[in-house]
Amino acid sequence: MKRSLAAVALLLLAWSTAMLRAADILPPVSERFAPEKTDEAPDFRHHVLPLMGRLGCNGRACHGSFQGQGGFRLSLFGYDAQMDYDALMKGDHPRVDPKNVDKSLFLLKPSKQVDHEGGRRMAVDSWQYRLIRRWIQAGAKPVPPKQADFDHLEITPPEIVFANRDEHRALRVVAVWKDGVREDVTPICRFRSNDDGICRIDAEGVVTSVAQGDTDVVAFYDNGVQPVPVILPVSKQVGDQYPAVAAPTKIDQLILEKLRKVGIVPSEVAGDAEFLRRLSLDMTGTLPQPPEVAAFLADTSSDKRAKKIDELLERPAYAAWWATRFSDWTGNNSAQLQQIFQNGGVDGAMISAQWYSWLFDRLQKNVDYDKIVQNILVSQSREPGESYRDYCAKMLRLSQGDPSEFAKNETMPYYWARQNFRKPDEAVVGFCYTFLGLQIQCAQCHKHPFDQWSKRDFDKFAGFFTRIGVGVKPDGWEDYAELSKDADIGKGLNGKALRQKLEELIKAGKSLPQREVYVGYKPGEKPPRLPKGDKAIRGVPPPPVGAATASVLGGPSVDLKTVEDPRQTLMDWMLHDPSRYFARSIVD
């Protein structure tokens with residue numbers, strides 16, 4: 001009896017919690033602004049901007065294009081709230097007139113009460129019209145200075161598995177803001193299907209199955225971009241009709257979970273010959289030799305596959321193959337490394353070989369991936385306590401020796417010294433691709449319509465890279481000038497003549513002035529000026545001064561004024577980021 005009462009109590013608690021949670025969600029604006037009169041004032045960012053996106057006002061084919069339309073330009077899909085507010089409220093002919101609400105062009109044009117090339121976007125008696133009218137009537141207020149940021153979208157159902165063609169399922173989208181506000185924003189979301197041949201989704205968020213297959217529909221609201229898997233099984237072998245299939249590992253279990261929904265039964269376990277071929281190609285980039293194949297096929301031990309994996313991990317070919325792949329991912333390109341540290345003498349091929357050797361050494365020793373990235377990301381040319389002259393002598397020695405000698409260097413600064421990596425924007429694009437698995441280059445100019453990152457996100461993230469200097473650290477300027485004068489390379493030599501001179505000096509064992517990667521100055525610090533009139537130091541870039549703040553992607557602003565190296569702050573974020581971009585990028 002006591003157990004029964006306890007079960008009933010738990011059920012009532014669960015029901016009441018669910019009801020409270022549902023009550024905490026604001027109903028959609030299509031309901032709240034359906035009546036002609038309401039006391040609620042719409043929010044510019046929460047409601048007006050998303051509605052403009054839903055109506056198509058700030059799309060690429062309308063006012064969101066780079067040139068705008070009819071002399072009126074908005075940010076693409078509302079990524080810049082302040083720009084859009086100014087566009088509506090300012091100028092010779094503002095679109096919003098709070099003193100004469102019903103004469104505002106923001107109402108007249110999309111309802112086509114006056115001529116509008118974009119056609120009618122809403123009716124005068126619609127909730128959309130009333131929402132915009134009420135915003136203007138309430139004073140047309142902008143985004144409050146301390147308004148909470150957008151957090152994420154919650155979509156129900158989180159996945160759709162259809163049984164037949166022409167079935168329908170409606171999505172519900174709830175926006176969650178960082179102050180805890182939750183609102184049903186389905187009527188002001190934009191929706192898109194990744195494959196209209198498998199499923200369609202209409203403007204109201206209703207998904208319709210079209211053909212067998214697997215795709216996603218995507219909901220867009222503010223900075224939220226949330227996909228929802230949609231499946232129409234390709235066979236009747238689903239659910240209870242799915243055959244028993246072994247899944248010995250967690251990865252197998254996850255794959256099998258998806259295949260069971262799609263209706264695909266995996267192939268039989270690969271035979272020994274096929275297993276060895278695939279394994280060798282994946283781990284070493286080469287095919288197994290005939291004697292190795294024969295020995296593996298003849299082996300009757302039950303653990304021979306596991307032993308073969310361990311064996312290949314110990315082969316130099318494993319480290320060589322993966323060092324090649326890591327070189328590609330991290331941007332090891334001899335064309336971009338030509339004479340990056342030196343006035344001449346060492347070509348990009350030597351530096352590229354040193355980069356490769358550094359990676360090969362770490363992979364052969366099975367160094368943790370995060371440690372490898374740490375020593376790339378937070379790297380400088382000089383070791384701690386190393387003088388500029390000692391650094392130059394070391395670089396000369398390394399340039400004439402075996403590239404593998406460079407592997408003894410604790411860090412790998414060549415990553416930052418590439419010719420196509422000298423500006424913070426370039427560093428952001430390369431860094432996101434290499435270590436986060438993100439294509440963010442579109443956000444350099446605008447909010448991409450199918451991604452969550454805006455230009456503001458891009459610019460704030462770039463603050464982490466503003467202190468990276470490639471030149472000569474100020475404490476080495478005097479030595480740089482003296483080495484340049486001793487080598488007699490600053491007097492009208494250039495091009496081929498300069499290269500020949502440098503090659504002669506290297507052969508003679510002369511130390512040459514080198515460029516280096518270093519961390520510049522904190523905001524507020526005043527770096528020294530380059531000596532005037534000293535031709536020997538001409539061409540050395542001035543030391544950079546970093547940004548005062550930066551923001552990690554999808555995260556808060558970071559004060560960099562007291563940070564010694566912003567890149568370390570970035571590395572710490574990567575290791576603890578709840579979105580796990582860093583971990584996913586190497587696993588995927």
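The values are calculated or read from the model by the stated rules, or taken from the named source; none is laboratory data. Every value quoted in this text rests on a predicted model; they were computed, and no experiment measured them. Glycine gets a Cβ as well: all are built from the backbone with ideal geometry, and neighbour counts include every protein chain shown. Areas reflect the complete protein model, heavy atoms only, side chains present, ligands, DNA and RNA absent. Shrake-Rupley method; radii C 1.70, N 1.55, O 1.52, S 1.80 Å.
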Which order do the peptides 395-404, 293-302 come out in when sorted by mean C-beta neighbours inside 10 angstrom, highest first? 395-404, 293-302
Given unit charges at Cβ for Lys, Arg (+) and Asp, Glu (-), the dipole magnitude of the range 220-328 about its Cα centre in debye, nearest 20, is 220
Considering only GLY271, LEU256, ALA211, whose Cα is most displaced toward the positive end of the charge dipole of the range 148-276, charges sitting on Cβ of Lys, Arg (+1) and Asp, Glu (-1)? ALA211
In the chain the DSSP beta bridges are antiparallel at a rate, in percent to nearest 5, of 90
Taking Cα centroids, how far is the range 157-235 from the range 86-106 in Å? 35
Starting from the Cα coordinates of the range 519-581, work out the convex hull volume and express it per residue in Å³. 101
Where a ≥ b ≥ c are the square roots of the eigenvalues of the C-alpha gyration tensor, would you call the range 109-260 rounded, which needs a/c under 1.5, or, failing that, prolate if a/b is larger than b/c, or oblate? oblate
Given the Cα-Cα distance of VAL234 and ASP303 and 0.36 nm per residue of separation, how much length would full extension add, in nm? 21.3 nm
Past 28 Å, Cα to Cα, is the threshold; run LYS371/LYS561; LYS146/LYS423; LYS460/LYS522; LYS146/LYS455; LYS250/LYS371 against it and keep the listed order. LYS146/LYS423
Express in nm, to one decimal, how much length is gained between ALA163 and LYS561 on full extension, taking 0.36 nm for each residue of separation and deducting their alpha carbon distance. 137.5 nm
Given charges at beta-carbon only (K, R positive; D, E negative), |dipole| of the range 118-234 in Debye: 720
Between LYS532 and ARG278, with labels modelled 7 Å along Cα→Cβ, what's the label distance in nm to one decimal, could you check? 7.1
Between 0 and 90 degrees, rounded to the nearest ten: what's the tilt of helix 304-313 against the longest Cα principal axis of the chain? 60
Over the chain, what is the relative contact order in whole percent, taking alpha-carbon pairs under 8 Å and six or more residues apart? 9
Here D for the range 360-429, in µm²/s, from Stokes-Einstein with a Kirkwood Rh over Cα pairs at 37 °C and 0.692 mPa s, works out to 241
Output ordering of 424-434, 38-48 (per-residue mean of other Cβ within 10 Å, highest first) is 424-434, 38-48
Let me make sure I get this right: for the range 183-278, a, b and c are the square roots of the gyration tensor eigenvalues over alpha carbons, sorted descending. Under 1.5 in a/c it's rounded, otherwise prolate if a/b > b/c, else oblate. Which is it? prolate
Leaving out ligands, DNA and RNA, and with a 1.4 Å probe, what % of the accessible surface on the chain is carbon or sulfur? 52
About the Cα centre, charge dipole magnitude for the chain (Lys/Arg +1, Asp/Glu -1 at Cβ), debye: 1280
Please identify every one of the GluC sites (Glu not before Pro) in the range 151-227 that sits in a loop by DSSP and has no more than 16 other beta carbons within 10 Å of its own beta carbon. GLU159, GLU167, GLU204
Peptide ranges 510-517, 122-129 listed from the most packed, as the mean C-beta count within 10 angstrom indicates: 510-517, 122-129
Output for the range 54-88: trypsin sites (Lys or Arg not before Pro) sitting in coil per DSSP, at most 14 other Cβ within 10 Å, listed by number, reads ARG60
Tail fraction, Cα-Cα pairs, the range 266-371, threshold 21 Å, whole percent: 50
With Cα coordinates, the longest principal axis of the chain makes an angle with the long axis of helix 2-24, in degrees rounded to 10, of 90
On average, how much accessible surface per residue is there in the range 148-280, in Å², for a 1.4 Å probe, leaving out ligands, DNA and RNA? 52
Enter the accessible area per residue of the range 293-374 (Å², integer; probe 1.4 Å; all protein chains in place). 50
Order ILE231, ILE25, most accessible first, counting only protein heavy atoms with a 1.4 angstrom probe. ILE25, ILE231
Could you give each residue of the range 573-584 its phi-based ³J(HN,Hα) in whole Hz, using Karplus coefficients 6.51, -1.76, 1.60 with θ = phi - 60°, and x for Gly or Pro? 5, 4, 6, 10, 5, x, 6, 6, 4, 4, 5, 5
Which value in deg cm²/dmol, rounded to the nearest 500, describes the helix-derived mean residue ellipticity at 222 nm for the chain, given -39,500 (n - 2.57) per DSSP H run of n ≥ 4 and division by the residue count? -11000 deg cm²/dmol
In cubic angstrom, how much convex hull volume per residue do the alpha carbon atoms of the range 408-488 span? 132
Quick check on the chain: take the gyration tensor over C-alpha atoms, sort the square-rooted eigenvalues as a ≥ b ≥ c, and tell me if it's rounded (a/c under 1.5), prolate or oblate. oblate
Judged on accessible area alone, 1.4 Å probe, highest first, LYS371, LYS250, LYS507 line up as LYS507, LYS250, LYS371
Centre separation in Å (Cα based) which lies between the range 510-529 and the range 404-479: 17
Measure out, as a whole number of angstrom, how far apart the alpha-carbon centroids of the range 37-67 and the range 247-293 sit. 50
How far, in degrees from 0 to 90, does helix 388-400 lean away from the longest principal axis of the Cα atoms of the chain, to the nearest 10? 80
Positive dipole terminus of the chain, leading residue within GLY68, VAL428, PRO233 (C-beta point charges): GLY68
